[in-house]
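The values are calculated or read from the model by the stated rules, or taken from the named source; none is laboratory data. Keep in mind that this is a model prediction, so the values were computed, not measured. In this analysis, Cβ positions are derived from the backbone assuming ideal geometry, glycine residues included, and neighbour counts consider all displayed protein chains.
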Amino acid sequence: MIESILKNELYMGYIFGIMILGGFIREYHALEDVYSLAKRYIKDNRILIMITSLLGGILPIPGRVALSAPLLDAIAPPDKKKRSAFGVIDYLSTHHYYWWSPLEKTVVLPMAVLGVSYSAWLGMVAVPLIITVGYTWWYIFSKVDPNNLDVLQNVREFNWRRALRGRAPLIAPVLILLTTGKSAAIFFFR
């Protein structure tokens, strides 16, 4: 019972860390240069939001939308009506990993139980995966109005120095976490 409580507390600690990171990104515009560079090449706001969600939701954690939400919050407009479509796109763009990602328990465990290779697994889930991805694309490009998605209203010129300085506090804790395995290291950067 104590292990279960500690596990839930650890999960809440991660969510708390994600919220702090999201506040940092929004307050200090840490990723604004990266988004402005992406905005230069990606003209459709729906695709930019989908790519941001895809990258933010790649980790196999419960509540993966909570991880990608701060990234979207940094580019979302303050108007609540215009922000409503961001959540739908975020949810749909992050929930296909359960079908195909080799990091997911929903993929690895059935592969182990059935004794099949990853390529065999992809063959088995190809039809549901195509339906999921097809529905996601259909919904986003037919039901979401691109005029309601204001992304980065004031796009500034991309600057490498400012981009590296803005991303360094985000990259350094991840590198420390990966090299040392100490999750407390992520709270020492600001």
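Things to note:
- Candidates Asp73, Asp44 - the one that is surrounded by 14 or more Cβ atoms within 10 Å (Cβ to Cβ) and either modelled with pLDDT of 80 or more or in contact with a helix residue (DSSP H, G or I) (Cβ under 8 Å, 6 or more places away or on another chain) (or both): Asp73
- Qualifying positions in region 140-163 - at pLDDT 70 or above and part of a helix (DSSP H, G or I): Ile140, Phe141, Ser142, Lys143, Pro146, Asn147, Asn148, Trp160, Arg161, Arg162
- Any chance Met12 is at pLDDT below 80 and not in a loop (DSSP other than H, G, I, E, B): yes
- Any chance Ile51 is in contact (Cβ under 8 Å) with a residue 12 or more places away in the chain, in a helix (DSSP H, G or I), under 15 Å from the mean Cα position of the chain (by Cα) and loosely packed, with under 15 Cβ neighbours inside 10 Å: yes
- Against the conditions (1) touching a Pro at 6+ places or on another chain (Cβ under 9 Å); (2) at pLDDT 75 or above; (3) not hydrophobic (A, V, I, L, M, F, W, C), Glu32 satisfies every one except (1).
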